[in-house]
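None of the figures in this text is laboratory data; all of them are computed from the coordinates on show. Keep in mind that this is a model prediction, so the values were computed, not measured. We place every Cβ from the backbone using ideal geometry, glycine too, and count neighbours over all the protein chains shown.
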Amino acid sequence: MVSSSEYGSHTWELLLTVDHQLENVKKEFSLQVTGDLHIGGLMLKLVEQIKIAQDWSDYAFWWEQKKCWLLKTHWTLDKCGVQADAKLIFTTQHKMLRLRLPNMKTVRLKVSFSSMVFRAVSDICKMLNIRRSEELSLLKQSEGTLKKKKKKDKNSKELATEDILDLCNSPVSSGLPAKPGLYSKTMTPIYDPVSGSPASSTITWFSDSSMTEQNCSILALSHPNCSPETLAEMYQPRTLADKAKLNAGWLDSSRSLMEQGIQEEDQLLLRFKYYTFFDLNPKYDAVRINQIYEQARWAILLEEIDCTEEEMLIFAALQAYHVSKLSLSSETQDSTCESEVDEVEAALSNLEVTLEGGNKSNILEDITDIPKLADNLKLVRPKKLALKAIKTYWFVFRDTSISYFKTKESAQGEPVEKLNLKGCEVVPDVNVAAKKFGIKLLIPVADGMNEVYLRCDNEDQYARWMAACVLASKGRTMADSSYQPEVQKILSFLQMKNWTMCSQAASEPEPVDMKPECFVSPRYTKKFKSKQLTARILEAHQNVSQMSLVEAKLRFIQAWQSLPEFGLSYYIVRFKGSKKDDVLGVSYNRLIRIDMATGDPITTWRFSNMKQWNVNWEIRQVAIEFDQNVFIAFTCLSADCKIIHEYIGGYIFLSTRAKDHNETLDEELFHKLTGGQE
């Protein structure tokens with residue numbers, strides 16, 4: 001028998017803090033507990049002590065010193081490791097959070113601070129009616145990107161407050177499991193595929209959620225740009241090191257917000273982290289398409305991604321005199337007749353953006369003889385002292401290789417050189433106005449990258465060869481069913497650039513009362529006067545004036561995807577054995593080592609050739625093994641190595657997706673590929 005005095009010696013005092021807003025109710029309670037008391041029992045004892053009748057179901061214990069939640073209510077205090085010195089806070093799991101969306105609008109809503117970020121983002125996207133939540137994540141702005149904004153923020157706090165869209169009455173914000181998005185109710189289109197506004201047949205669906213028609217309009221439609229002065233105040237990366245700062249603050253998807261130091265009412269950025277926009281459909285994705293468009297637009301305006309003057313004017317034409325104008329007038333647009341909708345759907349099917357460019361498998365086409373290209377092209381090889389040697393050769397493209405011969409007649413013999421394009425970098429070098437159609441190939445060799453330039457004679461030849469090079473770099477041939485759509489995509493983009501050849505009789509758009517400086521990056525506002533910009537944007541506009549609103553946004557996204565730097569997230573790293581820092585570019589299908597001083601690619605490694613990767617958490621080093629006994633290892637200097645580890649695993653996870661209307665995700669597989677063991 002154990003005496004009561006001996007039993008009492010096993011109890012100890014535990015101080016608990018209750019996080020509540022009740023007046024005249026104390027917040028600190030001292031309870032006598034034993035090590036075999038389970039967490040659920042501790043909650044019950046505490047609530048009995050508080051003596052306030054309310055719903056405590058959303059409350060849980062937060063362990064301040066260990067920075068972790070005690071969510072397994074059947075675990076005992078001993079199993080959790082809780083002792084008398086532990087500081088436990090009894091607080092709500094759902095708290096208010098401000099999210100800055102890609103369109104620069106801020107929404108305020110309740111989010112689970114105890115769920116993994118991956119799950120929290122999924123719930124947020126269901127509420128905002130954004131499909132494919134796995135493509136997005138939460139980003140905390142680094143100090144370096146905020147410095148330029150401080151002066152402006154001090155003078156505009158009131159304005160910022162007015163611009164917040166409060167969604168705190170949503171299912172997610174009430175602490176309940178998120179309802180499926182509107183697109184999950186039926187397969188009925190919920191958006192007009194032309195204007196992007198809610199379809200009349202489904203407008204009543206918005207009444208049972210916080211996504212009212214007005215809120216949907218704010219998220220799904222574009223709005224007038226900010227002033228040039230505001231644009232100048234925002235952070236603009238000038239170097240690769242500056243661009244690396246933009247990607248340093250991604251939150252860990254396998255940990256909760258609270259575990260990463262996020263507090264109630266903090267502001268985070270909701271952004272598309274992975275640049276693989278799968279299964280875009282205008283009938284269900286008006287919000288998603290608009291937010292992708294907005295993220296692309298701001299990336300171009302703030303020069304987070306480089307583009308040529310010609311490309312900048314195309315982007316300006318699409319947003320300034322089309323997207324903005326149509327968005328402002330979308331409320332007065334009449335319903336589109338069925339035939340027009342069918343034409344738009346047919347056009348949009350060619351623009352559908354998927355992981356590898358939106359192809360549909362064609363078994364018969366893929367098993368036929370692999371086609372080849374044969375043409376006279378100019379070969380340009382960079383020489384020392386900035387001189388270039390330009391010669392015309394007979395080129396033959398077969399499988400994933402290019403061979404070139406001195407003449408067409410000598411093509412039956414040995415080639416001058418054979419170039420294997422698998423794993424190479426393909427960079428367009430085009431100026432339509434100057435009739436320049438070049439393809440820059442960076443081919444991996446033992447000691448770096450071998451540069452080769454091809455010059456084509458016209459747009460058609462360029463489109464065919466460029467599409468073949470792009471597919472070959474991914475290890476695919478022209479027999480692949482995505483070859484012809486790739487050719488058409490390139491021709492479409494060239495046509496938008498080629499405004500000098502469009503009909504002069506094309507009707508000019510009505511003048512829009514907006515400053516042209518709002519639609520190009522500050523670098524071009526310094527280069528041109530306002531009237532010059534207006535004239536050039538109007539000139540470029542002639543080729544895009546006949547598009548519908550959604551098609552214009554998809555064309556903008558497509559043009560963004562055509563830029564050489566699209567989809568690259570930069571990090572400053574130190575490779576094992578190297579004495580200097582380099583930049584690592586992470587894309588959906590490859591890693592690129594880039595010279596920090598010159599910006600030139602040094603080596604490319606493709607995920608398709610990767611055997612395994614792991615992280616040494618003690619020294620924070622990422623090690624990767626590729627085919628042909630290629631090993632690389634590096635430490636990340638501009639961010640935590642976990643971010644790069646998660647990027648690699650995340651892109652591999654996204655490559656496993658298939659079209660599935662129930663939108664189910666293998667969350668366990670995602671965490672297995674991205675979580676790591678620290």
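With 24 Å as the limit, the listed pairs K497/K529; K422/K611; K105/K489; K372/K659; K245/K273 have K105/K489; K372/K659 beyond it between alpha carbons.
For H94, the residues whose modelled amide H falls within less than 5 Å of its own, excluding neighbours fewer than 5 places apart on the same chain, are F113. Full extension of the chain segment joining K418 with E625 gains 71.8 nm, where the gain is 0.36 nm per residue of separation less the Cα-Cα distance. Equivalent-ellipsoid semi-axes for the range 1-148 (Cα gyration tensor, √(5λ), whole Å, largest first): 38, 17, 15.
Karplus-based coupling profile of the range 232-247, in residue order and whole Hz: 5, 7, 7, 5, 10, x, 9, 10, 5, 5, 5, 5, 5, 5, 5, 9, with θ = phi - 60° in 6.51 cos²θ - 1.76 cosθ + 1.60 and x standing for Gly or Pro.
Remark: spin-label model distance N609-T407 equals 3.7 nm, labels positioned 7 Å along the Cα→Cβ axis. Annotation: amide H-H contacts under 5 Å for I602 (H modelled 1.01 Å from N, sequence separation of 5 or more, or interchain): R593, I594, D595. The length gained by stretching the chain between E309 and K45 to full extension, at 0.36 nm per residue less their Cα-Cα distance, is 88.2 nm. A straight line joining the Cα centroids of the range 266-286 and the range 42-61 runs 39 Å. Computing FRET efficiency as 1/(1 + (r/R0)^6) for K580 and K515, where r is the C-beta to C-beta distance and R0 is 41 Å, gives about 0.40. Note down the net charge around H38, summing +1 for each Lys or Arg and -1 for each Asp or Glu among other residues with Cβ under 13 Å from its Cβ. Once all neighbours under 13 Å are counted, the net charge is +1.
Taking the alpha carbon gyration tensor of the range 371-478, what are the square roots of 5 times its eigenvalues, largest first, to the nearest whole Å?
So the three semi-axes of the range 371-478 are 18, 17, 16 Å.
Taking all Cα pairs closer than 8 Å and separated by 6 or more residues, the relative contact order of the range 27-83 comes to 46 percent.
Per-residue 3J(HN,Hα) values for the range 390-406, derived from phi via the Karplus relation 6.51 cos²θ - 1.76 cosθ + 1.60 with θ = phi - 60°, read 10, 9, 9, 10, 8, 9, 10, 9, 9, 6, 10, 10, 10, 10, 10, 10, 5 Hz in sequence order (x marks Gly and Pro).
Model label sites at E668 and M96, defined 7 Å from Cα along the beta-carbon direction, differ in position by 3.9 nm. Placing pseudo-labels 7 Å out from each Cα toward the beta carbon at Q495 and Q54 gives an inter-label distance of 6.2 nm. Just to be sure I understand: of the beta bridges DSSP finds with both ends in the range 11-92, what percent are antiparallel, rounded to 5? Bridges in the range 11-92 are about 85 percent antiparallel. Packing, taken as the mean count of other beta carbons within 10 Å per residue, orders the peptides 270-282, 578-590 from highest to lowest as 270-282, 578-590.
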